[in-house]
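Enquirer: For reference, the structure I am asking about is given below.
The values are calculated or read from the model by the stated rules, or taken from the named source; none is laboratory data. Small disclaimer: the values here were computed from a predicted structure and weren't measured. Cβ coordinates were reconstructed from backbone atoms using ideal geometry, including for glycine residues, and neighbour counts include every protein chain displayed.
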Amino acid sequence: MKEAGTMERLIKRFKDRTATVGVIGLGYVGLPLAIEFGKAGFNVIGIDTDEEKVKNIHEGNSYIPDVDPEDINRLVSSGQLNASIDYSPLKNADSVSICVPTPLGKTKDPDISYIISAARKIADYLHKGELIVLESTTYPGTTEEIILPELEAKGFKVGEDFFLAFSPERVDPGNKIYRTKNTPKIIGGITERCTEVAKVLYSQAIDTVIPVSTTKSAEMVKLLENTFRAVNIALVNEVALMCDRLGIDVWEVIEAASTKPFGFMPFLPGPGLGGHCIPVDPYYLAWKLKTLDYKARFIELAGEINTGMPFHIVSIISDALNERQKSVKGSKILVLGVSYKKDIGDIRESPALDIIRLLVKKGAVISYNDPFVPVLSDYNDIKNVRIEEKVVRAADCILITTDHAIYNYEWIVEKARLVIDTRNATKGVKDGAGKVIKL
Ligand code: SAJ
């Protein structure tokens with residue numbers, strides 16, 4: 001009988017769980033993925049350059065709200081999950097999933113330095129019969145043009161000696177329904193055999209795995225998903241600007257449009273676009289197309305509108321204070337919610353921070369409250385204050401930038417002098433005195 005080849009041996013190790021799975025980058029994508037591979041029965045090597053993360057994992061602490069510390073504890077105590085800051089354990093890995101950040105540089109150009117660094121370190125330990133999967137969101141072509149050469153430089157042949165694929169992460173932080181295991185996973189390999197090998201591994205831990213023809217296609221799927229969101233959020237933000245000029249309640253319009261049972265999908269206007277994905281990912285696509293002499297006009301326009309929203313909110317505040325014979329300068333403004341979206345504590349790219357920066361520049365006296373964000377490291381003099389009656393009454397303006405469910409909006413409107421609501425959080429709250437001004 002013909003001896004099983006490299007591919008067959010690797011697939012067998014995935015199916016009988018004797019494979020060791022590596023995950024590089026133990027953040028909001030990598031840690032949940034490592035846990036799912038562990039729960040599926042694999043030995044998992046987690047690698048992160050942040051010693052704090054590694055220490056927390058060994059101590060069974062979860063620094064990712066969506067990850068249960070109990071899961072970490074169980075896998076670490078059973079010896080199934082090991083975290084390390086160096087890459088040497090990869091010499092025993094049968095697969096490595098790369099979940100490192102892909103930020104933008106200062107000039108909105110992609111910064112794939114974390115991907116390159118991970119690829120080089122993986123290449124140092126690359127051996128026959130290994131699967132490498134890139135999960136970090138990036139421009140179409142990264143896997144093929146950047147990672148593949150690093151690996152083939154070691155003399156191995158892709159699709160024969162090792163297997164390389166792209167599989168976009170689809171983590172929605174705070175989503176209680178869709179988690180890593182039950183969110184369908186797209187996978188595209190450099191070769192068909194690469195796609196097949198990656199599909200077998202991920203199918204052991206994730207309920208639905210969907211193959212596509214190439215790594216570039218898989219990279220583009222993710223960028224379509226996030227560009228779709230950025231452009232549609234920009235559209236409703238522009239509709240909000242239009243309704244403002246038309247004297248129409250944009251929230252009522254969107255709510256009514258949402259009754260259309262087909263052909264419409266509601267997005268909501270807001271103070272701007274936050275998070276580490278939606279404001280960032282579309283620019284990876286725009287940058288790549290620029291190198292191909294194509295201008296991604298929707299992405300550029302959406303960026304303009306979304307980044308313009310904080311300025312619009314500040315003009316609403318300034319007009320509202322002006323109506324009350326007050327200037328922004330010297331006004332006490334209490335900001336409710338500073339994270340980039342409700343009921344989570346992540347402040348990356350949060351529009352609330354842009355608005356605070358603009359108001360501080362105008363001389364406003366800012367305080368904030370956010371139960372999920374204990375301190376604002378960039379603003380030591382801006383304190384996280386308790387929401388007490390005297391604090392609310394003393395504020396010249398209460399600004400709702402993040403509509404955390406925990407707030408009692410009825411009580412806030414009752415006690416406040418002026419409320420600027422950028423999230424329709426006060427929907428249905430009685431406002432007899434005309435204190436609430438909505439986006
Ligand atoms: N936002 C609006 N209006 C909307 C929806 C969102 O202003 O109608 C704002 C939010 O307040 C937030 C930003 O846009 O500041 C991004 O919101 P988001 O809901 O897209 O949340 P993210 O960035 O945490 O997660 C998204 C995922 N979210 C959803 O699919 C609901 C998903 O697009 C990606 O899996 C994920 O980014 C990612 O990691 O790419």
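Enquirer: Which one of these is surrounded by fewer than 19 Cβ atoms within 10 Å (Cβ to Cβ) and within 19 Å of Gly27 (Cα to Cα): Tyr178, Tyr125?
Expert: Criteria check complete, one pass: Tyr178.
Enquirer: So in segment 377-401, with the set limited to residues that are within 27 Å of the chain's Cα centre (by Cα) and surrounded by fewer than 21 Cβ atoms within 10 Å (Cβ to Cβ), which one is modelled with the lowest pLDDT?
Expert: Restricting to residues being within 27 Å of the chain's Cα centre (by Cα) and surrounded by fewer than 21 Cβ atoms within 10 Å (Cβ to Cβ), the top hit is Asn380.
Enquirer: Contact list please: Cβ distance under 7 Å, first residue in segment 406-433 and closer than 19 Å to Phe372 by Cα and at pLDDT 95 or above, second residue acidic (Asp, Glu) and part of a loop (DSSP other than H, G, I, E, B), pairs at least six apart or on different chains.
Expert: Hits for this filter: Arg423/Asp403; Ala425/Asp403.
Enquirer: Next question, about the same structure. Return the pair list, or none, for Cβ contacts closer than 9 Å from residues in segment 269-288 that are under 26 Å from Ser315 (Cβ atoms) and touching a residue at least 60 places away in the same chain (Cβ under 8 Å) to residues that are among the aliphatic types (A, V, I, L, M) and near the ligand (Cβ under 6 Å from one of its atoms), at least 6 apart or on different chains.
Expert: Pro269/Ile233; Gly270/Ile233; Leu273/Ile233; Pro279/Leu273
Enquirer: Conditions first: (1) over 18 Å from Leu134 (Cβ atoms); (2) assigned to a helix (DSSP H, G or I); (3) not charged (D, E, K, R). Leu31 passes all but one, so which condition is the exception?
Expert: The number of the failed condition is (1).
Enquirer: Pairs needed: first member in segment 21-32, modelled with pLDDT of 95 or more; second member anywhere, within 13 Å of the ligand (Cβ to nearest atom) and acidic (Asp, Glu); C-beta distance under 7 Å; at least 6 residues apart or different chains.
Expert: Every condition considered, the pairs that remain are Val29/Glu135; Val29/Glu169; Pro32/Asp66.
Enquirer: On to the next question. Search segment 358-394 for residues being free of Cβ contacts under 8 Å to residues at least 12 places away in the same chain and not in a loop (DSSP other than H, G, I, E, B), and hand back the single one that is nearest to the ligand (Cβ to nearest atom).
Expert: Lys361
Enquirer: Out of the residues in segment 402-423 that are under 14 Å from Ile316 (Cβ atoms) and within 31 Å of the chain's Cα centre (by Cα), state the one that is surrounded by the most Cβ atoms within 10 Å (Cβ to Cβ).
Expert: By that ranking, first place goes to Thr422.
Enquirer: Give the residues of segment 153-174 that are without any contact (Cβ under 8 Å) to a residue 12 or more places away in the chain and within 11 Å of the ligand (Cβ to nearest atom), sorted by residue number.
Expert: Asp172
Enquirer: Could you go through segment 359-374 and let me know if any residue there is among the aliphatic types (A, V, I, L, M) and closer than 23 Å to Cys277 by Cα.
Expert: The answer is yes; a qualifying residue exists.
Enquirer: Further, regarding this structure: Would you say Val239 is more than 21 Å from the chain's Cα centre (by Cα) and under 24 Å from Ala19 (Cα atoms)?
Expert: No, not satisfied.
Enquirer: Counting only residues that are farther than 19 Å from Ile278 by Cα and not in a loop (DSSP other than H, G, I, E, B), how many does segment 317-357 have?
Expert: Final tally of qualifying residues: 14.
Enquirer: Within segment 271-301, which residues are within 11 Å of the ligand (Cβ to nearest atom) and over 17 Å from the mean Cα position of the chain (by Cα)?
Expert: Pro271
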